[in-house]
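The values are calculated or read from the model by the stated rules, or taken from the named source; none is laboratory data. Everything numeric in this text was worked out from a predicted model, so none of it was measured. FYI the Cβ positions are ideal-geometry reconstructions off the backbone, even for glycines, and counts take in every protein chain you see. With ligands, DNA and RNA removed, areas are computed over all heavy atoms of the protein, side chains included. Shrake-Rupley method; radii C 1.70, N 1.55, O 1.52, S 1.80 Å.
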Amino acid sequence: MVSLTIDGRPVKVKKGTTILEACEFLGIDIPTFCHLKQLKAEGSCRMCVVEVEGARNLQISCATPCAEGMQVHTRTERVVSFRRLVIELLLANHDTNCFSCPATGRCKLYQYAMEYGVEHSRFAKYKPHHPKDESSEFFNYDPSKCILCRRCVRVCNNLQANHTLSLKNRGPDTWVGLPFDKLFKDSNCVSCGNCVSVCPTGALTAKAGKSYRIWEVTKTRTTCPYCGVGCQMDLLVKDGQVVGVEPAEGGANPGILCVKGKWAYHFVNHPDRLTTPLIRRDGELQPATWDEALDYVTQGIQKIKEESGPDAIAGFASARATNEENYLFMKMMRAAVGTNNVDHCARL
Amino acid sequence: MTNSIAEVVDADAVLVIGSNTTEAHPVIGAQIRQAVGRGAKLVVAEPREIPLAQDADIFLKIKPGTNIALLNGLMHVIIAEGLYDREYVENRTEGFAELQEVVEDYPPERVAEICGIDPEDLKAAARLYAKAEKAPIFYAMGVTQHSSGTAGVMSIANLALLCGKIGKYGCGVNPLRGQNNVQGACDMGCLPGDYTGYQKVANPEARAKFEKAWGVKLPEQPGLTVTEAVQAIEDGKVRCLYIMGENPLLSDPNLNHTEEMFKKLDFLIVQDIFLTETAELADVVLPAACFAEKDGTFTNTERRVQRIRRAVPAPGEARADWEIVQEVMLRLGYENQADSPEEILAEIASLTPSYGGISFDRLEREQPQWPCPSPDHPGTPILHVGRFSRGERALFKPAHYLPAAEQPDDEYPLILTTGRILYHYHTRTMTGRNEDLNRISGRSFVEINPADAAKWGIESGARVKVESRRGEVVVDALVTDRVDAGVIFMPFHFGDGAANRLTNDVLDPTAKIPEYKVCAARVERY
Amino acid sequence: MEETRVVLHKAGEFLPTSSLEYEAVGGYAGLRKAAADPDQIVDVIKASGLRGRGGAGFPTGLKMSFTKGAVADQKYVVCNADEGEPGTNKDRVIMEEVPHRLIEGMIIAALAVGADQGYIYLRAEYPHVKKVLEKALEDARTHGFLGRDIMGSGFDFDIQLFIGAGAYVCGEETALLDSLEGKRGEPRFKPPFPGVAGLWGKPTLVNNVETLANLPAIMVNGPEWFRSMGTESFPGTKLFTLSGNVNNRGVYEFPVGVTIRQLFEEVGGGCPDGRRLYAIQTGGASGNIIPASLLDTPMDQESCDKVGATFGAGDLMFMDETCCLLDVLENLAEFFVKESCGKCTPCREGNPQLLHLVQKFRRGKAQDGDLDLLIELGSAMTIGCLCGLGQMAPNPILSVVRFFPQVFAVNNVYVRGAS
């Protein structure tokens, strides 16, 4: 353990803890653009700088480990004016037409500009913007909104390990692009959307992103309904409808999802969903009440059970339903119907 | 999985066999690629050049249905070169002599011949795996969906045991389960011979325990598997099917036959979220809530129990599956005490040692992996550490390679193998509702090697008829050397151009799994 | 004034690529001594007080001790020969004239830290040096100084030559390592320092050419001898590169602490055509520009720091009275815009703004507040950029603001040195 003070508050942390983590623990808010918990800190955005007594330079809190006796100040004049300058430098070349931006409300640049009182940049705009790429089925890329925090590139290369996004050129000409200037649709992109999930601005946004503002949605932590990996994710819900999915960090998924988990949620609110019980009458499935349907089910089961015994009935449980439902289904077949003819599609 | 997913990132070498990981389990695929990025060596054994093959140090493009020959070949090299873990074999296993005798028959040259690979690659792969300290094996349906699937799984276990790689961090045998809660459905006893936690129906003690807890007399004879039940319809032994959330009329092999059987049923109950191919034949359809509309738990492929939570209301009158089943049970004269998923999980925990320590309350804070017998037990990230379920020693179960049940001949000269693609899930009841996914991949197709395509005058994009002894479908051709000459591949997701109209419903004698991965077929321009 | 040649000892008097001829003038004696007791090397270097010659002046022995102390299955020694600082040519001279001294130094360093693989990261703009080094390395291998069981010591070590791709930032040691690994050359956050986790994550000793070339003589003559030259805090000699408006441009070796005046007048022979000296850029393109009035400053780190000059890698670019400092600053600012790697915000976005502001002054378009903004931005970059490149890039501008404030008089269109 190491002891240090942050803004005069003493704190003890495990060796190797970064200043940012220690601040989080104390509830001290530190602005960040490039920081992503799942990835090694690379310290490129410089927003999270703090003052460490005895150090000539400002130190980035995301990567600097706490040291014994360290005295950290998170909001000195030097720190605040530096952060303000970083915001101004980014704003100089940022497309500030926020009215049409899907990220409005969740944009970190916007949020910090407000917080640090930056209403305009004193610096000159000098960069031409690269063309938009709206070729993906699921998301849009607008380089004019990019602040080069490189989260997308790092997620694509280091977590998804797909190597679709890369940094092109250098210095002020640096931009995030695809090899050989390909469009997403022509590239090796697997549409996992993890770049979209981590973009702090409106550079990478879901195509459906304009349909909700972040303050309109609630988030519910759940488990992905697709393959057996069991990724953790948050459902974004607006007015009783699932409007988006964000990856969460789970035992099986380091804050990433695949194309199905991230984008294939439309079935939930799909008009084809069954909304009422159906009973086959005159050769056709016709709507029925729950009472009718349930009676019909039990009468059918009872009849066959009486005629041919319980083993004339078989039940297929579901690899898609919950443990509790499968348990109950199994219990129904064994305890209420009286047969061990219960299985599911594990083999299929 | 004997081990945990996250361990793979630390691996020194990874062996993937019969798993198109980046497409079927993309987030595990990504983590395998992370490992490769950190310097891990990768061996991929697959009949198709799947995306992960491009990341592989050694890609063994084996003929479909030759897994066991390959695995025996690997073990042959490892034993011949003295690369196996002598201490582990001596102290933790039984039956080494028998294993040695079987794999003796699989020298690299013979295996290379059977599998259609270079013997040097086989040797290199064997050395890589055996010498690596942390080396997990990942496998999936490419190993299991064969008439010799059980033997394939055993052979994988043999290989891992031989190299002392079970019960160790970063190693293990790791089957990747295809569906979100297929592990949980098994754990919950939705198997004809098992109660929850694999307590056997045939075990009188287990039965007595459940009889006491449930307050009823329980049937003694193990029941029928899905595939057996469908066969039993034929002779009138099974007259009623109750299907909750499955779509066998797309996922079963030899669909034409299955469809015929289903039509013979006296009473078909289907409970689902959509009117699936199966529901369309039903006598009664019960509308169910989907994962976003209910509370409960799923158990993932690494045995981790995790929550799902109600985020939106179910549409119309749809109800959660547990509520519906609860109602049916009540009307059948059985009253459950538990009245919420939370209470049902508590009942499961009370009857299931491996789930004993799992509760809704605990899952708010952590998601343990079973076995987790008590509330203070941390869960079990790695199985078989120091001890196997059968005792201190594991038993080698060597098996000889047997060719797939159906081999290509003059009439059906090609081997058809099936699998999944990235953009769809199982029978597309869910993913098929995404227009964006359908625009990327909306139609069934068959992959065919350029040499075969030339032989039958087929071009990419052309419509072709694919036929087997059991049926025929018309699909788009995709000419690609991803598959070798003599092999064609189809995804099984699509209703129109359904691969399972062609697949062979011959079963593995032990697991009763159908041989989806190999059947004889032919193609022609349509 | 007579040079004191340690690194350049006997340079020009023998065939550079021949180890036999190098041995004849005392070469590889340091290695023999080092190989006799490798465990002592780090202590000897520590005692000598040798400090890095690449610009930062970090104590070499201490740096070595980090890598020596790190436990790993593989360690590396990397020679930073990416001499990209405009106005610096000293490493080129060493590699051209005494390549075996560098090779010998690298072997000693490898022995000291326990590395068995070395790399020389050479800038692509030195194609002739590449040929010399290739020959010298081959010759060293032929004569058993590289490869397996070096000189019967049981020690294995070889050196691979790696050619950079023309990025100034790759002179920064961590960017150099990324580049060496085949990645985009960008500085890494430190810690971990390369000494502990460097090339491919393994402990790596990264030293400048001149630093490594000092090791053989220290091994032969001992730390006391080394400390007898230079200053107390910065012992030894240093290669100084004189460039710009000076008669005898070139690379010269003198004890650290020689004054700028001695180098300018006695070695450099003053400005051509009898013109008056106006300003000196010290320490290369990212160094401070100081007025002629500071000519008596001794060239050592402490003295330079005290007056606001930059010791750096020992570069001195002289500017006479015909020189326009805004021209110079614009040129330098353009250089840093081009050479910023683009990783951290203030360097990537700040350098173009520095350039833009300098251009405004240069073109007479500056407004009230521009100078304040220039100072604010420049100062912020020095304390907040990720690596030395961004932190040092504003130095020329800020030093001109300090020493030549008249240059930034608003809309003073063309301020010549004479004014």
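If you sort the three axes of the alpha carbon gyration tensor as a ≥ b ≥ c, you get a/c of 1.5 or more for segment A:214-272 and a/b no higher than b/c, which makes it oblate. Computed from the Cα positions only, the extents of segment A:278-347 along the three principal axes stand at 35, 29, 22 Å, in decreasing order.
Taking 26 Å as the limit for the C-alpha separation, the pairs A:K15/C:K202; A:K262/B:K165; B:K165/C:K183 exceed it in the case of A:K262/B:K165; B:K165/C:K183. Figure legend: label point modelled 7 angstrom from the Cα of A:W175 along Cα→Cβ; residues of segment A:126-146 with amide N under 17 Å from it are A:126-136, A:140-146. Note on A:E134/B:A462: beta-carbon distance plugged into 1/(1 + (r/R0)^6) with R0 of 30 Å gives a FRET efficiency of 0.45. Counting only alpha carbon atoms, the long axis of helix C:209-227 and the longest principal axis of chain C meet at about 70°.
For segment C:325-408, the Cα gyration tensor yields ellipsoid semi-axes of 20, 12, 11 Å (square root of five times each eigenvalue, largest first, whole Å).
Residue by residue, segment B:306-316 carries 3J(HN,Hα) couplings of 9, 7, 10, 9, 5, 10, 9, x, 5, x, x Hz when phi is fed to the Karplus relation 6.51 cos²θ - 1.76 cosθ + 1.60 (θ = phi - 60°); x denotes Gly or Pro. Radius of gyration (Cα atoms) of segment B:182-363, expressed as a multiple of 2.2 N^0.38 Å: 1.09.
Note on C:M317: accessible area is roughly 60 Å² with a 1.4 Å probe, heavy atoms of protein only. Residues whose amide H falls under 5 Å from that of C:V258, counting only those 5 or more places apart or on a different chain, are C:M299, with hydrogens built in the peptide plane. Site pair C:R275 and B:S389 shows an inter-label distance of 8.8 nm when each label is modelled 7 Å from Cα along Cα→Cβ.
Overall, the anisotropy analysis places segment C:19-227 in the rounded class: the square-rooted eigenvalues a ≥ b ≥ c of its C-alpha gyration tensor yield a/c less than 1.5. Summed over both chains, the accessible area lost when A and B associate is about 10800 Å², using a 1.4 Å probe. The residues of segment C:378-394 listed by number as losing at least 30 Å² of accessible area in the complex, against the isolated chain and with a 1.4 Å probe, are C:A380, C:I383, C:G384, C:L386. Sequentially through segment A:213-222, phi angles give Karplus couplings (6.51, -1.76, 1.60; θ = phi - 60°) of 9, 4, 6, 8, 10, 10, 10, 10, 6, 8 Hz, Gly and Pro residues having no value and appearing as x. Over chain A, the reciprocal of the mean inverse Cα-Cα separation, the Kirkwood hydrodynamic radius, stands at 24.2 Å. Placing dummy labels 7 Å off each Cα toward the beta-carbon, the span from A:T5 to A:E284 is 8.2 nm. Checking the Cα-Cα distances for A:K305/B:K200; A:K37/A:K260; B:K63/B:K200; A:K127/C:K190 against a 26 Å cut-off, the pairs over it are B:K63/B:K200; A:K127/C:K190. Ellipsoid fit via the Cα gyration tensor, the protein assembly as shown: semi-axes of 67, 36, 27 Å, each the root of five times an eigenvalue, largest first. For C:L161, the residues 5 or more places off, or on other chains, whose built amide H falls under 5 Å of its own are C:I120. For chain A, the per residue solvent-accessible surface stands at 38 Å², with DNA, RNA and ligands left out and a 1.4 Å probe.
For helix C:325-339, report the angle its Cα long axis makes with the longest principal axis of the Cα atoms of chain C; keep it between 0 and 90° and round to the nearest 10°. That helix lies at roughly 50 degrees to the long axis. Cross-link pairs exceeding 26 Å in C-alpha to C-alpha distance, out of B:K465/B:K517; C:K90/C:K338; A:K168/B:K61; C:K238/C:K338, comprise A:K168/B:K61; C:K238/C:K338.
Each eigenvalue of the Cα gyration tensor of segment A:181-237, multiplied by 5 and square-rooted, gives one semi-axis; in descending order these are 23, 19, 9 Å. Residues of segment C:185-210 whose accessible area (probe 1.4 Å, heavy atoms of protein chains only) drops by at least 40 Å² once all protein chains are present, relative to their chain alone: C:F189. Of all complete DSSP H helices in chain A, those with a Cα span along the helix axis of 24 Å or greater and a mean Kyte-Doolittle hydropathy of -1.0 or more are A:290-308. At R0 = 60 Å, how high is the FRET efficiency between C:K306 and A:K182 if r is their beta carbon distance? Nearest 0.05 is fine. Efficiency at R0 = 60 Å is approximately 0.60. The Rg/Rh ratio for chain B is 0.96, where Rg is the radius of gyration of the alpha carbons and Rh is the Kirkwood radius.
Projecting label points 7 angstrom from Cα along Cα→Cβ for B:N91 and C:E21 puts them 6.4 nm apart. For segment B:245-266, the residues whose backbone nitrogen is under 20 Å from a point 7 Å from the Cα of B:V216, taken along Cα to Cβ, are B:245. The residues of segment B:26-47 listed by number as losing at least 40 Å² of accessible area in the complex, against the isolated chain and with a 1.4 Å probe, are B:P26, B:V27, B:A30, B:R33, B:Q34. Given R0 = 56 Å, the distance between the Cβ atoms of B:Q337 and B:D410 translates into a calculated FRET efficiency of 0.30. Scaled against 2.2 N^0.38 Å for its residue count N, the alpha carbon radius of gyration of segment A:101-206 is 1.09.
Summarised in one figure, the compactness ratio Rg/Rh of segment B:202-280, Cα atoms and Kirkwood Rh, is 1.08. Put A:H130, B:H426 in order of accessible area, highest first, and with a 1.4 Å probe you get A:H130, B:H426.
Set the Cα radius of gyration of chain C against 2.2 N^0.38 Å, with N its number of residues, and you get 0.99.
The residues of segment B:167-282 present an accessible area of 32 Å² per residue when probed at 1.4 Å with all protein chains retained. Axis angle, to the nearest 10 degrees, between helix C:60-69 and the longest C-alpha principal axis of chain C: 50 degrees. Note on the protein assembly as shown: antiparallel DSSP beta bridges, both residues inside, total approximately 55 percent of the bridges counted.
Across segment A:210-315, the convex hull enclosing all Cα atoms gives 174 Å³ per residue.
Rolling a 1.4 angstrom probe over the protein assembly as shown with all protein chains present gives an accessible area of which 49% lies on carbon and sulfur atoms.
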